[in-house]
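Coordinate-derived values only; no laboratory data. Only a predicted model underlies this, so the values are computations on that prediction, with no experimental measurement involved. Glycine gets a Cβ as well: all are built from the backbone with ideal geometry, and neighbour counts include every protein chain shown.
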Amino acid sequence: MSIRLDHDIISRIVATGSTVLDLGCGNGELMFLLTSEKGAIVQGIELNVEAVHRCVEKGLAVFQGDIESGLADYPDYSFDYVILNQSMQEVKKVDFIIEESLRVGKQVIIGFPTFAHYRSRFTLFFRGISPVTSSLPYLWYETPNVRFLSVNDFKAFCREKTLKIRLACYLGKRVVIKCWPNLFATSAIFILTS
């Protein structure tokens with residue numbers, strides 16, 4: 001089984017034996033990778049009941065809940081990393097979730113699909129329809145995403161909120177993108193610290 005590029009990058013970032021909270025953990029693929037490959041102590045929070053069952057079937061520690069209600073039950077800096085991979089674009093209160101993540105974790109890893117990829121731009125401009133891509137695979141009326149952002153949008157957000165970007169990694173379908181990420185990256189991964 002091949003490992004998704006974003007999961008591979010995040011696995012390289014997370015230090016061996018770390019404590020990790022995965023917000024919007026889905027079916028637990030990333031959690032399982034971090035547990036088995038990095039010896040990490042990982043906990044997840046997921047809203048979808050079926051995904052929670054898949055995590056439990058893998059022997060993972062997961063709580064069924066809505067991350068939008070906050071992380072009040074967790075003390076400050078109780079995790080080495082808090083991960084929001086492919087889930088931030090689905091939350092309504094981005095400021096609150098990131099603020100809470102930085103309170104609970106020493107570092108926050110955020111991964112999201114970028115809407116500014118050149119194929120998305122061409123589809124919107126020339127065809128006049130919302131793009132469907134591998135990183136944004138839903139039709140406009142089926143998408144769980146409540147916001148669509150670009151690499152530049154997120155960098156501007158971090159500047160405005162005075163968030164420290166420790167590392168940024170831009171991904172194509174199968175490779176890391178080195179130049180013009182706002183145009184060529186299909187997704188991005190940022191590590192933030194307070």
### Query
Taking every pair of alpha-carbon atoms in the stretch 53-108, what share in percent sits in each 5 Å bin, from 0 to the bin with the longest distance?
4, 18, 24, 26, 18, 8, 1
### Task
Please work out, to two decimal places, the log10 of the ratio I(q)/I(0) at q = 0.19, 0.28, 0.29 Å⁻¹ from a Debye calculation in which every Cα of the stretch 29-76 carries one identical scatterer.
-0.65, -1.05, -1.07
#### Entry: Inverse of mean 1/r across different Cα pairs in the chain, Kirkwood, Å
17.1
## Note on the structure
Fraction of alpha-carbon pairs in the stretch 104-143 farther than 14 Å apart, rounded to whole percent, equals 54
### Message
Given points 7 Å out from each Cα along the Cα-Cβ axis, report the residue 48 to residue 118 separation in nanometres with one decimal.
### Response
3.2
### Query
At residue 76 and residue 95, where each label point lies 7 Å from the Cα along Cα→Cβ, what is the point-to-point distance in nanometres?
2.1
### Task
Give, in nm to one decimal, the length gained when the segment between residue 142 and residue 129 is fully stretched (0.36 nm per residue of separation minus the Cα-Cα distance).
3.3 nm
### Query
What pairs from 93/155; 155/178; 92/173 go past 23 Å between their alpha carbons?
92/173
### Task
Go through 71, 9, 30 and say which Cα lies farthest out towards the positive end of the charge dipole of the chain; charges sit on Cβ, +1 for Lys and Arg, -1 for Asp and Glu.
9
### Query
Farthest toward the dipole's positive end in the stretch 99-194, which of 169, 101, 158, given Cβ charges of +1 (Lys, Arg) and -1 (Asp, Glu) about the Cα centre?
169
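222 nm [θ] for the chain, helices only, -39500 (n - 2.57) per DSSP H run of 4+, per residue, to 500?
On the way: 7 runs with 58 residues, N = 194.
Value at 222 nm, helices only, nearest 500: -8000 deg cm²/dmol.
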### Query
Any idea which of 84, 123, 59 is furthest toward the positive side of the dipole for the stretch 18-168, if Lys and Arg beta-carbons carry +1 and Asp and Glu beta-carbons -1?
123
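Explain nothing, just the number: dipole magnitude of the chain about its Cα centre with +1 on each Lys and Arg Cβ and -1 on each Asp and Glu Cβ, in debye rounded to the nearest 20.
With Lys and Arg at +1 and Asp and Glu at -1, about 980 debye.
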### Query
Arranged from highest to lowest average of other beta-carbon atoms within 10 Å per residue, in what order do the peptides 85-92, 185-192 appear?
185-192, 85-92
### Message
Could you give the length gained by full extension between residue 174 and residue 41, i.e. 0.36 nm per residue of separation minus their alpha carbon distance, to one decimal place?
### Response
45.1 nm
### Message
For a quick check: with amide H placed at 1.01 Å from N, whose amide H comes under 5 Å from residue 83's, ignoring anything fewer than 5 positions away on the same chain?
### Response
21, 22, 23, 109
#### Entry: the stretch 171-194-the stretch 128-156 distance, computed between alpha-carbon centres (Å)
15
### Message
Using just the Cα positions, wrap the stretch 110-194 in a convex hull and report its mean projected area in square nanometres, one decimal place.
### Response
5.9
#### Entry: Environment charge of residue 18, counting only residues whose C-beta is closer than 14 Å and scoring Lys/Arg +1, Asp/Glu -1
0
### Largest to smallest principal axis extent of the C-alpha atoms in the stretch 1-103, angstrom
35, 29, 23
